[in-house]
Each structure stands twice: as structure tokens, then as C-alpha cells.
Ligand SMILES: Nc1ncnc2c1ncn2[C@@H]1O[C@H](COP(=O)(O)OP(=O)(O)OP(=O)(O)O)[C@@H](O)[C@H]1O
Ligand SMILES: Nc1ncnc2c1ncn2[C@@H]1O[C@H](COP(=O)(O)OP(=O)(O)OP(=O)(O)O)[C@@H](O)[C@H]1O
Ligand SMILES: [Mg+2]
Ligand SMILES: [Mg+2]
């Protein structure tokens, strides 16, 4: 079983597709479900899979602390649960993570450096998911050391319709501040893309203001590589690798029958590397 | 329309539910296990409670678009209060009171300022979301909760989760209140004809406000259970319930008291939704097909009741 | 009720809108610039179009909960078709046709199987979401689009975005169709009394189906514009529109043709929503307060119309 | 003692003075008739007494004390029971639920269902009124619904009983029974206000009569010292010459023929009849004899099981009212408020609705043409409304009825008109107006079907009368062979008993 928090987010969709592809080559059966952004729905889905007596459950972008009841049920039924970016918890057999603090700090320092430690920025946050929240907090910490960088506005994105919301809001900010804006920070790549559309429509270029995001989805990397839009940097979350890693664990635990402790070891967190992408190296990451 | 037609109209939806259950039982091995059935009941308990509130306010003809936002806000408030050191019972009471307050305001807007229930509750829901974010800034409320709080949704008695018992109590209480008491009768009469009720000396305004209060209070109570289940106050935990609550209430109107909102019918509606959600996952249907199947099954289930009047419009 | 009371009832909401505009103009420097006003118009154009569809199906008394899902699906479909090499015009036509098909199905379910519009369209919306995920697996549809497609929402003529012109055309066409044609009059008549309309020889079923078709088609068309605006097919792009479309339609019922859904009223409703959203962002109000203010302003705006009938229920 | 007293009462609606300087009093233990043309303000006066409306100025006294009634429950608690002119019942509730609504027997707020049922049975037995119990009243006929409302008012044991046109839609036998009941109540000291457009009823029942004209009070008279002629003069301010105008049209060839029509759902069995051009054909029968359903079946509103309908010697299958319209069959339905007009639309929109197609080009309405055509019909029928844009629900009953008819007059040269109880709740002046209109329609060579429960008007105006009982046509009478007694006999016999058995 595979349960994603919100399959309409590009990232989770990527993981799901990778896992589906791998299971096809390995001859496993995989069931994919979407909890559409609701932790309670995710609880229900995990419990449904426990009822179904699957061999292993993968939870993507979940929040382990909110899944206590269902994870307990899985544990009681002896079904291992692998988390992908789902917060550390005792109840998870393993969690494959990209480090959100690290990514947040990386992109924040890049932004600051590119601004030459001086300028006005706009911030698009999303605090309802712990990962994006951590990134925002990392930015805040970095900015405490930057007296010459002024945050003009902080906008919080809604959980639905965030692309259009980011675009609309940026349009309003562009009217209000014009070219006073030097850079825009986005909690992930989708709003960064939307913001760049607004900047382009208003007739500004990369030199007037730039945008950074996190995730490294293909569209944004292409834009960075082309180097003619406002999108200048992102952090690549290696979702493909996460899926491969999860598959590897599944192979060892379910197929080969090893005990989870043996496979994973005492520390059940597995960190994946997340490189910074700019126009300098974007080409390397395009397949 | 003949007798059989009438029976179909009244119990068609229930028959459809039975049909769905039989189908899943045949198609899968695990569906018809007591564990799974309890599983389903526990999954629909919150939906049933929040949808019961919706149903009650629909009986005199109103509607509540704020239930989901109020439930989300309540989860945040109840957990904050508990972490502030208030007792579990007191915290829940205050939170439910807050939900009731939303109902009072909605009721006043609807009956005094004559704002349509749709608009009034949409606006109040937006306000509830704002208050929610003001409190939480989008962050969950997390900490060490007393066991008595977590027990509500995480403990089992006789193998059955506590929330299922709560759901049962809510269904029984509100079915009784709506079908067997004066208040319920009068709320139905308002829904049937405001004018007739008003001319019969029924306090139409008061009872419509009461309907909104019950809806708000049950939404808040659902938020508390949800917080217990998630072990934290999630700022958007309740948001997914609006559509399902509407669906359950409208499905409910196709059975038992046909054409009128009714509490046992709403439970049937919630069961249909719960059984479909669970059964499709157990069958291992791919997730996008789950959506398609869910929509199709609901339409089929409701069509069974449509041996309707012979009028041609 | 005196003359002034009647005027207030009819134009109170519009007065409120003017009041809001004046308020933001005083509070900020940038609000009352032609650029920003155009900005607002372009922001509400999609909302107005989708809400117009909702309004049209509400006129004979139905409702469409599937508009948001249909709009999302359409954005995905139109972009896929264009990337497959179909012409822009053809792709939009096919997509709008798909939306109309959803309307036809909804209409048949409602008028033939007598399923309540709420349930039927909720279920169809779920199916649309399923189809959407089946196509996209949650991934956006992205690629190089012809300029003619992107122009719809990204190009300006005389400094005004093309989509604003499209909105204007939609408003004019449907206001005309609903107020000045046989079809519109009859749809209003059905909304007033199905029985009396039927006995006046009006084809009630057909016109209700037509209402649903218009709703579905305009939802799909909105999805197309949205895709042009986003330069990609986002699988959930339209989802946020349901609540706002409901709000706009119900706000619209408080003005011009008081108590009845009407297209120009819906435009006023969309304007109120758009002005509030924009004004609060420009004022730089903290985001949670934006929610609270939005809810409160809507309630205030609608209350202005409530110099209502003297009836006491 | 004066039970009710109104002193200089005035009531305004936006743009209308409905009542002006009304001085009305009701004595203990009298039956007081209240008469006036449609729109004279009778119902408005009653609504003030019932606490539904508050007077704009003037004083209301109950049992000698000045009061301000702020709501219907206020009036109820002071012992005023009302049967309103329009049906006010919850259509989803059963008769017993409606009767006790707001006053249900209960303990600790929990309903005593059994008591409700037994109380209702007792009530029905006490007054000898039969209504179907246990099924939603929405499925009952208008007449039965009225009887439920009367029972409801009787169940209140009020000191003042107000009945606003209770007899407009009920049968003769129910009316007779009601009058017995009212006379008995009077003996026990209860005061009654009775409104009706049947002046003979008013004379027969009432001790005193008050007259309203155009919202003004014209005086109160002992019924013994007043003649019908005087009363009509008081009401209308003119002399009424002939109630039933002499007929003038020639009867031509057959225009509508129905043979062996069966609709099992409504118990219509083997119905055959024909109508000729220029002829007014009356349909008489008791409540539930199936006249309304028969007319709706001919109009295509109900599907028929079998049978043939021929119009102008052309056999047609009528599927839906729009087909019927095109074939030239027009129906003015019995329940005008709900089926005849769309309440929240204007006079002009209601008038032009069915034949809007003839007023459009490419679907677009020609509003000048609409105004002209609607205005013509409106003035022909003397529809009393402030303007064509007035919302229908603000019109009095009689004028609404004219709009229902006017809709069809806008159509192309028409053939068959069906009137189902068109004169219910219509004042004397308007009634003779209606008879005249019907005859004019017939004169144009149309066939007219005239359903009525008022045997006198049928005798006065119909060229031929069919009598229906239990879904069958039981007799046919030609003008000249009319015999009130045998008509009634054919309609009545065992039908009531059989029907009420079936209902239970
Ligand atoms: N709610 C209202 N709003 C505006 N005008 C009204 C309203 N109710 C009644 N009127 C007007 O008041 C006048 C008196 O109406 P009322 O219903 O009292 O007449 P009525 O004597 O009962 O007539 P009928 O015999 O037709 O029942 C009419 O001109 C009517 O149009
Ligand atoms: N929609 C319906 N469904 C079932 N039965 C109906 C329906 N409408 C009417 N009936 C029943 O059909 C029978 C015939 O009623 P109908 O109204 O045709 O009689 P009528 O002769 O016109 O008498 P009335 O004076 O009451 O109009 C009645 O018993 C009535 O209750
Ligand atoms: Mg009256
Ligand atoms: Mg009849």
C-alpha cells in the first residue's frame, strides 16, 4: 500500500509514479491512495490497508504524530510502515527524509548572497505542512543576520488553488511595490513558477527581480537552465531516489524476509542529499 | 404508484447499501471481518456526528457551510485549552460552547438580518478560518495530552473504539429529539411550511436558531474527537468534512423520511460513503478509479429510490 | 416598507460595494489606480464566468456542486489536447463540449431519475476528479503552448487583459439570455413554480437540463482560461472556485433581482469578493486577518439589504 | 358584550391602502358575516385580528381591553382561532399532525403519538367531519385540506372563531355540516366571523353583516333587514342586473371528443363525452369524483392508460401540456395559487408565459409587443392591478384568476377551454363578469368545459351537464332537462362513503 498526503502535489505524484514503475519491474502489487490533504483521511486509509493485510505500507508526506492511531494499528498487525518525508516517529519502521532545515538554509543563503546582502524581498510561506514550515523558519533565522534585507510582505498560501493565488497576490504586490522588489522566496516550486509568470507579465526580468523555490521539479529546472525567466534557483529533492530507496527496503524486508531492524539499523532515519540547482548546473539534472 | 414502488422509494437507498456490502463481501476476503466492519464504523463516526448537525439545521430549512471550518478551529482550541492546563471535560465543554456561539451568530444573521443561510455561514466559516490561523499561524497544536483525551478516539472498549459509542449516542439522541419531541416536530413543520408554523404560534425564529446552534455545537464536538484521533490540533483537520457531510445529509433525504432531512437517513448516508471508501481500498482499486467508482455508486444508490411520482416534470 | 427601504433592498449590496471601494481608496495609495482596477477585473474574470454558470443553473432551481472539479479537469484536458497537436480553438471547443456533457448527464440525473441536484453534481464532481487523476496521476500538464492559447489570459488589448473582455461578453450574453429571451423567462418561471410552469406548457425538463449544460460548459471554459493563465494544466487549479462561486451567486441574489439568482447580481458579488481580496492584500493586512475581514465585510454588505419585509419569520 | 372592537383601523401596504377608518365590532355569541368584493380588505382585517399584520393606525380591543397583537401566537393565546383563506398546512405532515401543530399533547416535551391520533378521531367523530388520516395532507385535494383546517380551528376551543371563505372549495354537504356546527357553537356563546362570496350562505347563517368596499367600512346591518339586492349595491356601489347572463352563441359541430378514457391511478374509468363548438359543458360532482384529474389528463398533465382524444375530428396523442396547447386545449387549473400562476412573477410575465414564442424573434422577447398584447387582455378582463409589472402575489384572488384565464387568451385562435372551479373565492360582480367572458369565448366558436361544485351556476350557465361520481360519468343532462334533484342524486349516492373508506 502507498498512501500520499496529497497526490495533486507534483512531488508526491512523482514518488507514486516511481514506485509504481519499480513494482512493475519487480512484479509486486502496489495500491495507491490519495488522502487529499487530510490527516484523518490518511489515518483511515492506513487502517483500511491494515484491514486488507498488505505486506508493507509506504506513507508519503504524512505527519507521523497525527497518525498515531493508525500506525499503532499497523504495528499491532505486524505490518511495517515506511515513511517518506513523514516526520520521525517510533511507530515508523523507517523514514526516508530530505532535510528541510538544510534545504531551507541552503536556498535562503543563496538568495541572500545573490542579493549581495541588500534589498527588498517578498516571502510566500506555507505553514500547514511541517516541511515547508521548517524551510520558512530557516529563512527567518538566516534573515536575522541580514539588517539590509527588508521583508516587504509575507503571504501565506492556501492549501487549494495555491498556484493561482500566488500569481494573483504577486500581481497585487507588483502594483504596490513595482521594481522595489528585488527577490521572492517561495516555500516550494509551484508558487515560484506562478510568481515568475506574474513578474513576466508585468514586464520585469531576472535582473529586476528573481524567484527561488524548493523541490526541483522538472519545469522549474528547465526554466533555470534556460536562464531567461525570473526563476533562478531551487533545491532538488531526489524523489526518484527516495522511491528507489523505499523500493530497496521493500525488497529486503518483504521479499527477502529480513527483519526491519537488521535492514535499517538503530537509527531509523535515512537522509537523502538535496543539491542546490542554479543556471550553472541545471543542465546536468535534466534528463 | 403501487406498494412496492413506495417501499422502494422509502428503503431503496438502504437496499443499495446492503447491495454494496454484499458486493464487497463477495469480491474480497477481508471486507466482511468484524475488524473491518468496526474499522468502517470508527471511520464514519466523526462524519456521522458532523453530518447530524448539518441535518438538524436543514430540517427547518437552513444550511450550514461553516461546519468544516468550525470543526478545524475547535480542534485547535480544545488542544490549546488542554495544554493550558484546563481539564479535558472543561476544555471540550468550552469548545462545544464556542461552536454553539457560532451557531447563535449564524442563527441571528439568518433570522433577524434575513441573510441567506448559505452566505451567512460561508462568511462565518471564513471568519472561523481566520481566527484559526490567528491562533496557530498554520502550525499544529502539539504537546503531551492526558490519556483521557486521547482515549476518546484511540481507546477501545469491548474491541470497539470509544468514538463509535459516541456516534451511537449522538444518533439516538438526535433521532429521538427530532422525531419524538415537540421541538423536533416543530422544526420539521418549519421546514414544511414556515407560514403554517408561524400561524400556529410556533416560535419560528427561536427554533431556527436552535438548529444552527446544534449544527455549530456538533461541528465543534467533531473537531474535539478529531483532535483526539490525531493527537494534536491540526489547523485544517476538519476541512475535508464539508462535502462528505453534505453528501451524507442529502443521501439521507432519499430514505426513511423521503424528501426530508432526517438523522437515521444521514447515518445511512454516512455508512454508504464509509463503506465505499473502505471497500474500494480493500478491493485494491487504483486510486483514481476509487473516485470514479464512488461517484457512480452514489448515483446508482440514489437512483434506486426514484420510482417516483408519475408527474412528468 | 417605504420607497427608500425598497431602494436599499435592491441596491444595498451595490452601495456596500461602493463603500468598500471608497474605504480601500482612502486607506491605500495604490488601490484606486487604473492598473489596480484592471488587475481586480482580471482576477475576478474567471470567478465571474464560473459563477455565471452556477447562477444560470440556479435560476430554474437547481445547483451545481461539480463546477470546480469540472474546471480542474478541463484545464488538464485542454492543455493535453493542445500538446497533442490539436488547434487551440478546437481543443477549447472539445473541452467546453466535455463540460456540457457533464451538464447533460447531471440534467438527466436530476430531471429523469429525480436525484437531487446536490447529490447528482457532488457525485459527478467526484467522477470528474477521478478522471482527472486517471489522466494526470496528479502531475501537471506542461509543455510549449502556442501563443494564441497563452494570449487568452496573458495578453492585453488596450492595456486590458483579454480575459476581461471575455468576462464582459459572458456577462452581457447571459444577462441578455436570462432577462430578454424566452428561454430565460421560462427558466425564471420554473424557478418560481415548477407546477405552474409545467401547466403553462413550458418544457420544464429540457430547460433544467439546459441550465445544467450552461453551468457545465462555463465551468469547462473557465478551466481553459485558467490553464492559459497558469501556462499549464494544473490538476487542482479550479478547486478553489466552488466556495467563491457559491458566495458570488448568493451575494448576487441580494441585489438587482432581489431573492432570485441573476447574472448582473452575480457579477456584483464577484466584484465584492475580488475587491476585498485585492484591497486587503494591498493594505498589507496580516493574512489571518484577511479571512476575518473578508467574512465580516460580506456579512455587513448583505445586511445593508435587510430592510426586509415586515413579516416576522 | 363586545368581544372584538376595531376603532378607526387603517392598514397600508407599500403603495396600497388596504383598510381605511374601519369601525367593526363583534358581539358575544353572534355569527357575523363579512362581505365585500375581491380586494375589499376582508382578509386584511382578519389578518390584523389574527396578529399576522399590525395595523398602521387605529385601535384594536379584545374583550373590552385595548391590545397590541404582535404575532399569531399572541392572538391564539387570547382565544382567537382562524381558518385562513389560503391553505396554510405543512404539506408533508398528516392531518392529525397539522391539526395539533403547536399544541401537541406531550409530556416533558416528548410527543404522545397515540393521544394525538385518538384526539383526532374524537374530534372527527364529534363534528362528523371525515378527513383521511395518516397520509401527508399535500396529497389531499384542496377540499380535504380545507376540512383539515376547519377541524384545526374547531380543535382550539377558541372564544372567537374566524373563517375566511371556508366554503369556497368544499362540497355542499360539508358546507351544510359546517353550518350546523357553527350554529351549535354560537349557542354555547362562541363568537364567529364568517367571510364568503356566496351571499345566500351569509344570509342563511349570519345574524349581522358588515360590508367593506375598497378598504372602507360601509356599515353593519342585521341580516333580517337586508335584501340581497341591497347588499350587492352596498358592496359594489352599483346594481347587479342579472347573475347569469343569457346565452347568445350558436352551437356548432363537435370540437372535442373523449372516448373510453382510463387512468387507473386516479380511478378514472371508461370516460366518454363530447363538446361542441360554442357550447359550455358543465361538469358536476362531489369532492374526489375525479373531475380535476380528468381535466388534467385531457390537458396532458397526466399520462393516460388508454382511451382516445379527438380534437376537430383529428385523433391526437396528448403527451404533456405543451402538446395540448399546440392542439388548442387550454386549462385553467383549480389550484390557481400554486398551479395557475407563478407567485413571484409579475402580471405581464405570467400573462405572456405560455405563448412567449409568439412574442419573440430568434428567441428575443419583443417587449413593446408583449406590453401591448398583455395590456389589451388585461383591460379586456378588467384585471385590477397597479401596473402590469405588479407581482402576482399582491393581487386579490379574483384578479389572479383573471390572469390565469388571460394567459390563454393571448394564444392563437383557440378551440377548447377548460375551467376548473374558476369562480371559487370570487365576488359576485366578478363572477357574472366571468360568466360573461366564458360565453364570449364560446361565442367565438370555442368549446368550454366548466367544472364546478356550485350547482346553481352550472344550471345558470351550462348548455349541458355531465355528472361524475367515483371516477365515472354517471349522467348527462341537456338544458331544458335540468333537474337539480336528480343531478345531485347522481353525483352523491354512496360516493362519499366509498371514497372515505378508500382514504382510510
Ligand atoms: N402583503 C400584501 N402586500 C401588498 N398588498 C397587499 C398585501 N396583502 C393584501 N394586499 C392588498 O390589500 C387589498 C386588500 O386585500 P385583501 O386580501 O384583504 O382582500 P379580500 O377582501 O380578502 O379579497 P378576496 O375576496 O379576493 O380574498 C388588496 O388591494 C390587495 O392587493
Ligand atoms: N397526485 C395524486 N396522487 C394520488 N391521488 C390523487 C392525486 N391527486 C388527486 N388524487 C386523488 O384522486 C381523486 C380524484 O380527485 P379530483 O381532485 O380529481 O376530484 P374532483 O372531482 O376534481 O374534486 P375536487 O372538487 O376536490 O377537485 C381524489 O381522491 C384525490 O385525492
Ligand atoms: Mg380574502
Ligand atoms: Mg377538482
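Take peptide A:66-74, look around each residue's Cβ out to 10 angstrom, count Cβ atoms belonging to other protein chains, and average those counts. Working shown, then result.
On the way: counts 10, 3, 7, 10, 2, 0, 1, 3, 0.
The mean count of partner-chain Cβ atoms within 10 Å per residue comes to 4.
For region B:10-304, count the residues as N, evaluate 2.2 N^0.38 Å, and divide the Cα radius of gyration by that value, please. Could the numbers behind the result be given before it?
Numbers: Rg = 19.1 Å, N = 295, 2.2 N^0.38 = 19.1 Å.
Cα Rg divided by the expected 2.2 N^0.38 Å: 1.00.
Specify the inter-centroid distance of region A:201-238 and region A:56-78, based on alpha-carbon positions, in whole Å.
Value for the Cα centre distance between the two parts: 36 Å.
Can you give me the angle between helix D:113-127 and the longest principal axis of chain D, using Cα atoms only, in degrees from 0 to 90, rounded to the nearest 10?
80
Per-residue counts of other Cβ atoms within 10 Å, averaged by peptide: what ranking do you get for B:284-293, A:44-53, highest first? Intermediate values should be presented prior to the final figure.
Values: B:284-293: 20.3, A:44-53: 24.4.
Ranking, from highest mean packing down: A:44-53, B:284-293.
Between residue D:244 and residue D:54, what's the calculated FRET efficiency when r is the beta-carbon distance and R0 is 45 Å? Round to 0.05. Before the final figure, lay out each step's value.
Numbers: r = 42 Å, r/R0 = 0.93.
E(calc), rounded to 0.05, equals 0.60.
Name the shape class, rounded, prolate or oblate, that the alpha-carbon gyration tensor gives for region C:212-296, where a ≥ b ≥ c are the square roots of its eigenvalues, rounded holds for a/c under 1.5, and otherwise prolate holds if a/b is larger than b/c and oblate otherwise.
On the way: a/c = 2.34, a/b = 1.07, b/c = 2.20.
Judged from the Cα gyration tensor, region C:212-296 comes out oblate (a/c at least 1.5, b/c at or above a/b).
Residue B:155 label points, 7 Å along Cα→Cβ, one per copy: pairwise distances from this copy to the rest in nm, shortest first?
6.8
Taking 51 Å as R0, compute the FRET efficiency from the Cβ-Cβ separation of residue B:289 and residue A:109 and round it to 0.05. Spell out each step's value before the answer.
Values: r = 45 Å, r/R0 = 0.89.
My answer for the efficiency is 0.65.
Order by neighbour count: A:129, A:134, D:283, fewest other Cβ atoms within 10 Å first, most last. Before the final figure, lay out the partial values.
Details: A:129 22, A:134 19, D:283 28.
Ascending number of Cβ neighbours within 10 Å: A:134, A:129, D:283.
On C-alpha positions alone, give me the angle between the axis of helix D:397-409 and the longest principal axis of chain D, in degrees, nearest 10.
Orientation of helix D:397-409: about 10 degrees from the principal axis.
At a 10 angstrom cut-off on C-beta neighbours, averaged per residue, how do the peptides C:59-71, D:127-139, D:316-328, A:64-76 rank from highest to lowest?
Values: C:59-71: 28.3, D:127-139: 17.1, D:316-328: 18.6, A:64-76: 21.5.
Answer by packing, highest mean first, reads C:59-71, A:64-76, D:316-328, D:127-139.
For chain D, restrict the atom set to alpha-carbon positions and state the Rg and Dmax in Å.
For chain D, the Cα radius of gyration and maximum Cα-Cα distance read 23.2, 70 Å.
Just grab the label-to-label distance for residue B:104 and residue D:379, each label 7 Å out from Cα along the Cβ direction, in nm (one decimal).
So the two model labels end up 6.0 nm from each other.
Starting from the 7 Å offset along Cα-to-Cβ, what nm value, one decimal, do you get for the label separation of residue D:362 and residue A:262?
8.2
Expressed in nm to one decimal, what extension gain is obtained for the pair residue D:305 and residue D:21 from 0.36 nm per residue of sequence separation less their Cα-Cα distance?
In short, 96.5 nm is gained.
So, R0 is 45 Å and r is the distance between the beta-carbons of residue C:35 and residue D:10; what FRET efficiency does that work out to, to 0.05?
Values: r = 58 Å, r/R0 = 1.28.
In this case the efficiency is close to 0.20.
Within a 10 angstrom radius of each residue's Cβ in B:251-261, how many Cβ atoms of other chains show up on average? Whole number is fine. Please list the in-between numbers first.
Values: counts 5, 0, 3, 4, 0, 0, 1, 1, 3, 1, 0.
Mean inter-chain Cβ contacts per residue within 10 Å come to 2.
Can you tell me the 0 to 90 degree angle between the C-alpha axis of helix A:10-26 and the longest principal axis of chain A, rounded to 10?
Helix A:10-26 and the main axis of chain A meet at about 40 degrees.
Which distances in nm, rounded to one decimal and ordered from shortest, link the label point of residue C:89 to the equivalent label points in the other identical copies, with labels set 7 Å from Cα toward Cβ?
7.4
In Å and whole numbers, how far do the C-alpha atoms of the protein assembly as shown stretch along each principal axis, longest first?
Largest to smallest, the principal-axis extents are 109, 73, 66 Å.
Starting from 0.36 nm per residue, how many nanometres of slack lie between residue D:103 and residue D:387 once their C-alpha separation is accounted for? Mind dumping the intermediate values first?
Details: separation 284, 0.36 × 284 = 102.24 nm, distance 4.25 nm.
Here the segment from residue D:103 to residue D:387 would lengthen by 98.0 nm.
Take the alpha-carbon centre of region A:91-119, take the same for region B:113-159, and report the distance between them in whole Å.
31
On a C-alpha basis, how far is the centre of region C:202-222 from the centre of region D:128-152 in Å? Whole number, if you could?
So the two Cα centres are separated by 39 Å.
If I model a spin label at residue C:176 and residue B:156 as a point 7 Å from the Cα along the Cα→Cβ vector, what separation in nanometres do I get?
Result: 6.7 nm between the two label points.
Mind checking the mean number of beta-carbon atoms from other chains within 10 Å of the Cβ atoms in D:101-113? Present the calculation step by step, with values, prior to reporting the outcome.
Numbers: counts 12, 12, 4, 4, 1, 4, 0, 2, 7, 6, 7, 1, 2.
What the average comes to for D:101-113 is 5.
How far is residue B:104 from itself in the other copies, in nm, if each label sits 7 Å out from Cα along the Cα-Cβ line, shortest first?
Between copies, matching label points for residue B:104 lie 5.4 nm apart.
Laboratory data are not the source of any read-out in this text; all were calculated from the coordinates shown. Here the structure is a predicted model, which is why all the values come from computation and not from measurement. Cβ atoms come from the backbone with ideal geometry, glycine included; neighbour counts cover every protein chain shown.
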